[in-house]
1. Using beta carbons and a limit of 6 Å, which pairs, at least six apart or on different chains, have the first residue in region 12-39 and closer than 15 Å to Leu113 by Cβ and modelled with pLDDT of 90 or more and the second one of a type in the set (Gly, Ala, Ser) and open to solvent by less than 30 Å² (accessible area, probe 1.4 Å)?
2. Please identify the pairs in which a residue from region 285-305 that is assigned to a loop (DSSP other than H, G, I, E, B) has its Cβ atom under 6 Å from the Cβ atom of a residue that is loosely packed, with under 12 Cβ neighbours inside 10 Å, counting only partners at least 6 apart or on another chain.
3. Cβ-Cβ below 9 Å, separation at least six or inter-chain, first residue in region 142-171 and in contact (Cβ under 8 Å) with a residue 60 or more places away in the chain, second assigned to a loop (DSSP other than H, G, I, E, B) and among the acidic types (Asp, Glu): which pairs?
4. Among the residues of region 421-434, are any open to solvent by 20 Å² or more (accessible area, probe 1.4 Å) and among the aromatic types (Phe, Trp, Tyr)?
5. Is there any pair with a first residue in region 351-367 that is free of Cβ contacts under 8 Å to residues at least 24 places away in the same chain and a second that is surrounded by 17 or more Cβ atoms within 10 Å (Cβ to Cβ) and not basic (Lys, Arg) whose Cβ atoms are under 7 Å apart and which are 6 or more apart or on different chains, and what are they?
6. Go through region 306-335 residue by residue and tally those that are among the hydrophobic types (A, V, I, L, M, F, W, C) and part of a loop (DSSP other than H, G, I, E, B).
7. Which numbered condition trips up Ala93, out of (1) of a type outside the set (S, T, N, Q); (2) closer than 19 Å to Asp439 by Cβ; (3) open to solvent by less than 10 Å² (accessible area, probe 1.4 Å)?
8. In region 123-156, which residues are farther than 23 Å from Thr304 by Cβ and open to solvent by 10 Å² or more (accessible area, probe 1.4 Å)?
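The values are calculated or read from the model by the stated rules, or taken from the named source; none is laboratory data. All figures in this text were calculated on a predicted structure; none of them were measured in a lab. Here the Cβ is made from the backbone with ideal geometry for all residues, glycine too, and neighbour counts use every protein chain on show. In case anyone asks, the SASA skips ligands and DNA or RNA and just uses the protein heavy atoms, side chains included. Shrake-Rupley method; radii C 1.70, N 1.55, O 1.52, S 1.80 Å.
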Amino acid sequence: SRTKPIQQLDADQGPAFTRSLVLALVLLALLLRIWRLAGQSLWLDEAFSVWMSEQPPSELLSWTVQIDQHPPLYYLVLQAWTLLGGRILSPAARAFWVRVPSALFGTLTVAILYQLGCRFAGRRTGMLAALILALSPFHVWFGQEARMYTLLTLNASLATLGLVRLIWPPPHPSLVKCTGEGEQTRTRARALSFPPVNCAGGIEEGTAWALYILFTAATLWTHNTAILFWLATNLFFVGWILVSQKQETGFKNPVSPSLRNWLLAQLAILLLWSPWLMPFVRQAAGVDREFWIPGPTWATLGDTLTTFLSAFLPQQVAWQSLTWLAGGILFLAGVYALGKKPARLALGLALLVTPIAGELLVSLRRPIYYTRTLIWATLPFYLLLAAGAAHALPVRPDVGTRRRTIARIALLMALAVLAAANARSLQNYYTNGHKEAWDQAAAYVSQRVQPGDLILFNASWVQLPFDFYFVPPVPVAEHGLPVDLFDRGILEPKMTEEDLSHLHALLQGHTRAWLVSSHNW
C-alpha cells in the first residue's frame, strides 16, 4: 500500500508544531472555563463546599464523616486555595475565586487526555480527544463549579496515564536512537511493536508506578464512587494477564508489569486509602438508610449519554437525534479502529462500562446513579470518539478507495455535527442561567428587611448559600427549621409535628417573618 501508517504520519509532525497545537487546546479549555466564571450565583452544594473549607481541619474532617457523602480531599484543597487568596470581601469575587481550582483542574485534564490519546492511537487521536474535552459542555459546566468533579477527573486521568505507561511502556533507551530535535529512529523496537513516543516524553517505570498508585488513591480520596475506577483497572489487568498468557495478537506485550508488582501496587493503594475506610463504611451506611436520588430508568441512561456528548443541548428532536447519530458513528468507528489494538480497546471499554454498570447494580438496592459522578468515564468515551474521528482525515489525499472516501466523509460530517452541537450547548449554558439565584434572593430580602424581622429557612442548610450573599442593613435573626444548621448532626433533618412548639417559640416577639424555601422535598 502507498498509504503511510498512521503512526508514521504522526511522527512526521514536528515537536514544535505539536506543542503549539496542544498549548492552543489548553488555552481554549481555560478560556471556556474562565469565561463568566462568576456569572451565576453559587448554588447550594457550592456554598456547602465553601462552608466546609472554612472549618478548622479537624472539624472539617469530623463534619465530612458526620453529614456528608464525600471524602475530604477536595474540601482540603479548597481550604488551602481560599487561604492563598486571602480575605476577599465581595461575594462575586469570592464566587470567582472558589471556582478557579475547578477550572484549572479541568484545563490540566485536557493536556493529560492528549497524552492518553497518543498512547492509545497516535497524536491525531490525542489531539481530537483533547479538542472534544476542551469543548465539552459537561466539563465546562463542572469546570465552573466549586465541587470535586474536575479534581476527580484529573486524578483519574493521571492514574490512567500511569497505567498505560506500565502496560505499554516506551521503548528502552537501548532500542531507541534520538536525534538532537527529539526525533526517533526505531530499531528493535519496531519488531516489538512499540507505539511511537517522543524521546523527551518517556516516563520511567518507577514514575509510572507512582502515577498509578498515588492518583488512584487520590481518586478514592476525592469521591466514594471512585472505588469503581479502582475496580475497573483491576478487572482490565486480570483480563489482560489471562488473555496475554495465551499470546493472542494485540494483547501479548514483551515488557509488562508482573502480577507480584501489581498486587504490591494494590496493597499500596489500599494502605494510602485505609484511613478513610471506616468513614467510607459509615457514609455508605447512611446513604443506604436514606438518600435523595431516584432510581435510574432507561431515560436516565439516555440523559447520561446526551450529557456526555453535549450537555445543555436544546430539547428539539433534531438536535438530539443528530447528536446521537453523530456520537454513535464516531463511537463505532473508534471501536473498529481500536479493534486492531484489542488491549487498548479493552481498557477503554473497562473504564467506560464499569462505573456505569457498577452504579446501576448498587442502585438495585439503594439508588446512587448520578451522571455527574460518572464524569471521569467520559475520558475513555472521548478517546473512542477521537479514535473514530481520526480516521476521517486521509493519510494522503490522493490515496483511498471510493468506500474509504465515503466513510471519511461520513466521519467528518459526524465530527462537524458534534462540534456544532457543543457550540450550541455552550451558547445555551452561558446565556440561560441554570443555577439557583441565591444572590437575587438575598438582595431581595436585604432591600426589604426591617428591624425586628425574623428569617426562617425551611431546610437548615439552605441558609449557607443565602448567607453567602446576604448583607443585612439592620440586625436580623436567622433560624433554620426544624433546628439551626446541623444542630442535630445530620444534613437534612425532617420537620415533624413535635417541632411546632419550637417554631412558635421562635416567632414570639416578632411581628413579621420571612420564609426562605428551597429543596423542599
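1. Close Cβ pairs (under 6 Å, with a partner that is of a type in the set (Gly, Ala, Ser) and open to solvent by less than 30 Å² (accessible area, probe 1.4 Å)) amount to Leu25/Ala130; Leu25/Ala134; Leu28/Ala134; Ala29/Ala134; Arg33/Ala103; Arg33/Gly106; Arg33/Gly143.
2. none
3. What qualifies is Pro169/Glu204.
4. Start the filter on region 421-434 by keeping residues that are open to solvent by 20 Å² or more (accessible area, probe 1.4 Å), which leaves 423-424, 427-428, 430-434.
The next check asks that each one be among the aromatic types (Phe, Trp, Tyr); those that pass are 430.
Yes.
5. As it stands, the answer is Val362/Ile368, since those pairs meet every condition given.
6. Applying the first criterion (among the hydrophobic types (A, V, I, L, M, F, W, C)) to region 306-335 yields 308-309, 311-313, 317-319, 322, 324-326, 329-333, 335.
From the residues that got through so far, the ones that are part of a loop (DSSP other than H, G, I, E, B) too are 311-313.
Number of matching residues: 3.
7. Ala93 satisfies every listed condition except (3).
8. Within region 123-156, Arg123, Arg124, Met127 meet the criteria.
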